[in-house]
Amino acid sequence: MTEKEKLSIVMFSGDLDRALAGFMLAVTGASMGMEVTMFFTFWGLNIIKKNEGGIKSKGLMKKMLNLINRGGSKRLTISKFNMLGMGTWMIKGLMKDVNMPSIDEFIAMAKDMGVKLLACSTSCGIMGVPEGAFRSEVDGIVGAAYFLGEARESKVTLFI
Amino acid sequence: MTEKEKLSIVMFSGDLDRALAGFMLAVTGASMGMEVTMFFTFWGLNIIKKNEGGIKSKGLMKKMLNLINRGGSKRLTISKFNMLGMGTWMIKGLMKDVNMPSIDEFIAMAKDMGVKLLACSTSCGIMGVPEGAFRSEVDGIVGAAYFLGEARESKVTLFI
Amino acid sequence: MTEKEKLSIVMFSGDLDRALAGFMLAVTGASMGMEVTMFFTFWGLNIIKKNEGGIKSKGLMKKMLNLINRGGSKRLTISKFNMLGMGTWMIKGLMKDVNMPSIDEFIAMAKDMGVKLLACSTSCGIMGVPEGAFRSEVDGIVGAAYFLGEARESKVTLFI
């Protein structure tokens, strides 16, 4: 039995367009038989936060940050031409036109196909994001060493 | 005969500065004997759109998007300090001072050196960019699976 | 004796958040026994510029660019929610709360652990950044070919 080829992706950005690119590649890789790991860090944590409820963090600054940087798949915006949300609304409409999955659908597909979704422990610590803030599909919270361990066994590693 | 080492680059960004970094690496890789593939997706499609004429797409939203996001190598702007075009004009002047190629010249060089220029089919579908919108140097329109197929045989893969 | 596995990172961005991600991965890689090279290019040059003094470059446009794009580890700002510096100040406070190193401390750590810090010669040429503008920890100024030479021997290569 041969080992599966690995694809490792750092999801640093929380922009809708970059999130889509990441999931598109992750899901395609999985469909090609690759073993895929997505490592969400910094703004990328927003992609895998729950859409409902608030985020309970301790300390005034963390409370403030999690208010302005609430996150959740439905709150992501595109990195250009957002224009108070109009650009994001437009891109979402165009995605539907061609039956492109939404981020929520991509997360479900990725899970079904065995993609591992991991949050970066250091980012969670700095930004005061508790484990309970993440959606149920997230497989765990790990450090940079875990990610690099995966990456150095990977055929392809991307920083998005 | 040994196979050539491969370099695969995702050109996600349509910023002039990132486009330059991408072509600089692509052309350098080719000059070192590497087999280089550039895969233009999302905003990166702008880099390889024709400068002349309009983009004919169907549907109001696609028409609007292709109006505000016209693209073409001569319309790219830098990601910081653009300041209504002044920063971009300055960087272009500084590039000329050191005989750095323009994007048009980089595309011609890349082609001459055998770099493959490919557009992402999914992005074209979402954004309503028809094949005719691309300059003649573009080798074709392919999917994410094609790109990952190249990437997993590559020594170096970059997401720009 | 086996060779060390290599990790090569292009530091293209000069944003504080991306700089932190880069150093976090570089230092973690080094602690895992990897041989790490960081290649600073374009806006990323700002990360390794001295904080003190001005930058002496020739020509009006280069002087202007180096005034508005002064750089230095202490002048980096985050890519989102900077809000006239308030967001950056907040992130720096949150980093201190969890004893996360500052960029200056990360640079010192990286050097101690043998991470190579290299500036891109082409970017220096375009932007008029003389060798004297860089802090003493920088190991040298090299071209894209040197970087790709490292990258193609690397287990992991990232473009940040």
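Quick note: the coordinates plus some simple rules give every number you see, no bench work behind them. Because the structure is a prediction, the values reported are computed rather than measured. We place every Cβ from the backbone using ideal geometry, glycine too, and count neighbours over all the protein chains shown.
May I ask which residue of A:Leu60, A:Ser73, A:Gly85 lies farthest towards the positive end of the charge dipole of region A:13-107, with charges of +1 (Lys, Arg) and -1 (Asp, Glu) on Cβ and the Cα centre as origin? With unit charges placed on the Cβ atoms, the residue in question is A:Leu60.
Every pair of different Cα atoms in region B:49-88 enters the Kirkwood calculation, which places the hydrodynamic radius at 11.4 Å. As a length-normalised measure over Cα pairs under 8 Å and 6 or more apart, the relative contact order of region B:44-127 settles at 27 percent. The residue list B:Ala110, B:Ala21, B:Ala133 was ranked by how far each Cα lies along the charge dipole of chain B toward its positive end, using unit charges on Cβ atoms, and B:Ala133 comes out on top. Between region B:41-100 and region B:10-39, how far is it from one alpha carbon centroid to the other, in angstrom? Cα centroid of region B:41-100 versus Cα centroid of region B:10-39: 17 Å apart. Going from the fewest other Cβ atoms within 10 Å to the most, the residues C:Met83, A:Met100 appear in the order C:Met83, A:Met100. Semi-axes of the equivalent ellipsoid of region A:1-67 are 31, 12, 10 Å, computed as sqrt(5λ) over the eigenvalues of the C-alpha gyration tensor in descending order. Here the spin labels are modelled as points 7 Å beyond Cα on the Cα-Cβ line, and at B:Leu67 and A:Lys111 they lie 4.1 nm apart. Placing +1 on the Cβ of every Lys and Arg and -1 on the Cβ of every Asp and Glu, with no other charges, gives region A:1-110 a dipole of roughly 700 debye about its Cα centre. The calculated Kirkwood hydrodynamic radius for region A:45-115 is 13.9 Å, given to one decimal from all distinct C-alpha pairs.
At each listed q (0.11, 0.16 Å⁻¹), what is the log10 of I(q)/I(0) that the Debye formula gives for chain B modelled as equal alpha-carbon point scatterers? One equal scatterer on each Cα of chain B leads to -0.43, -0.90. Measuring nothing but how far apart in sequence close Cα pairs (under 8 Å, 6+ apart) lie, relative to its length, region C:1-158 scores a relative contact order of 33 percent. Translational diffusion coefficient of the protein assembly as shown (Stokes-Einstein, Kirkwood radius from Cα pairs, 25 °C, 0.890 mPa s): 108 µm²/s. In a reduced charge model with +1 at each Lys and Arg Cβ and -1 at each Asp and Glu Cβ, the protein assembly as shown shows a dipole moment near 1760 debye about its Cα centre.
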